[in-house]
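Since the structure comes first, as structure tokens, the remarks are kept for the end.
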Amino acid sequence: MRVHRDSLGHWYASFVVRREVVATPAADEGSGIGIDWGVSVTATTTSPGFDLPYLGHRKRCAAELGKAQRKMARRHSGKRGPQSKGYQRARKAAATLQKKAARQARHDASAWAKSVVDNHHLIAVEDFTPKFLAKSTMARKATDAAIGVSKQELIECAARAGRKVVLVAPAYTRMTCSSCFARAKQRLGLAERTFQCRECGFIDCRDRNAARVILAVAERGHTRVDDVSHASSPFGSDVHAV
Ligand SMILES: [Zn+2]
């Protein structure tokens, strides 16, 4: 057994155990799922039962973290002389909370990834990579981190199970109609939650429509909306020809 202690003072013991390998159940050919990443719902999918909401305890963690960080800001940070005890305590509290939130996020993501992988043969994922900008808010960093960890867990889990994963470029996924594949002239405003197609009248939740576009692109063997011809409906006769 290996025992180690991290910088926060948490102890870990690691050892090898034998366990039975549980084979991933066979999923129907043609059971595909499309996944769009977002802030309030981490993963919106083509099958609503598999959506991954942005979970509350991480929000609570983010609030506690914000408190610890504001405390840090008030305490003497050591720019003039040695750091104060209060600053060091607040910094340790912030680091502990951050680590706890990250562990919970990974646990949630891994359970979610397993259920998605168990039930789907083809997994089409928006290839979104969060940019951690210095000016991003703490809350935004936390939601982006949840996306990052969920995407990673999903791709790894799918690879282990031998499922097909297609990463679809995010460009135009939110501007394209998942029913007729016409593209809207204008980008939807951030506050606009509903997608409405001017060509065919199709209406859906913006993120659900994007998930359907992502799946349709992958089902046709492509990785970009631009590669799919606008004339061919994603749910038309050629959908199974890929
Ligand atoms: Zn349409």
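The values are calculated or read from the model by the stated rules, or taken from the named source; none is laboratory data. What you see is a predicted model; the values in this text were computed from it and never measured. Don't worry about glycine lacking a Cβ; one is built from the backbone with ideal geometry, like all the others, and counts go over all protein chains shown. Surface accessibility is based on the protein's heavy atoms, side chains included, excluding ligands, DNA and RNA. Shrake-Rupley method; radii C 1.70, N 1.55, O 1.52, S 1.80 Å.
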Residues being modelled with pLDDT under 95, within 20 Å of residue 123 (Cα to Cα) and within 16 Å of the ligand (Cβ to nearest atom) - total across the stretch 207-230: 2
Test: residue in the stretch 192-214 that is open to solvent by 40 Å² or more (accessible area, probe 1.4 Å) and part of a helix (DSSP H, G or I): yes
Residue count for the stretch 127-142, restricted to those that are farther than 23 Å from residue 45 by Cα, part of a loop (DSSP other than H, G, I, E, B) and either among the aromatic types (Phe, Trp, Tyr) or in contact (Cβ under 8 Å) with a residue 40 or more places away in the chain (or both): 1
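Yes or no, residue by residue, for (1) farther than 30 Å from residue 206 by Cα; (2) modelled with pLDDT under 90; (3) among the hydroxyl-bearing types (Ser, Thr, Tyr); (4) surrounded by fewer than 16 Cβ atoms within 10 Å (Cβ to Cβ):
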{"position": "57", "(1), (2), (3), (4)": "no, yes, no, yes"}
{"position": "65", "(1), (2), (3), (4)": "yes, yes, no, no"}
{"position": "69", "(1), (2), (3), (4)": "yes, yes, no, no"}
{"position": "74", "(1), (2), (3), (4)": "yes, yes, no, yes"}
{"position": "80", "(1), (2), (3), (4)": "yes, yes, no, yes"}
{"position": "83", "(1), (2), (3), (4)": "yes, yes, no, yes"}
{"position": "89", "(1), (2), (3), (4)": "yes, yes, no, yes"}
{"position": "117", "(1), (2), (3), (4)": "no, no, no, no"}
{"position": "132", "(1), (2), (3), (4)": "no, yes, no, yes"}
Count of the stretch 13-53 residues which are farther than 14 Å from residue 210 by Cα and outside any loop (DSSP other than H, G, I, E, B): 7
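Output the residue which, of all residues in the stretch 163-206 that are within 11 Å of the ligand (Cβ to nearest atom) and among the aromatic types (Phe, Trp, Tyr), is nearest to residue 45 (Cα to Cα). Show your work before the answer.
Step one: list which residues in the stretch 163-206 are within 11 Å of the ligand (Cβ to nearest atom), which gives 176-184, 195-204.
Then keep just the ones that are among the aromatic types (Phe, Trp, Tyr); that gives 181, 195, 202.
Working: 181: 18, 195: 15, 202: 18 Å.
So, considering only residues that are within 11 Å of the ligand (Cβ to nearest atom) and among the aromatic types (Phe, Trp, Tyr), the one nearest to residue 45 (Cα to Cα) is 195.
Name the one entry in 179, 150 that is within 25 Å of residue 30 (Cβ to Cβ) and touching a Cys at 6+ places or on another chain (Cβ under 7 Å).
The unique qualifying residue is 179.
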Cβ-Cβ under 6 Å pairs, at least 6 apart or on other chains, the stretch 4-21 side farther than 12 Å from residue 99 by Cα, far side open to solvent by 70 Å² or more (accessible area, probe 1.4 Å) and among the aromatic types (Phe, Trp, Tyr): 4/12; 5/11
Subset of the stretch 143-174 (residues that are open to solvent by 30 Å² or more (accessible area, probe 1.4 Å), in a helix (DSSP H, G or I) and of a type in the set (A, V, I, L, M, F, W, C)): 145, 155, 159
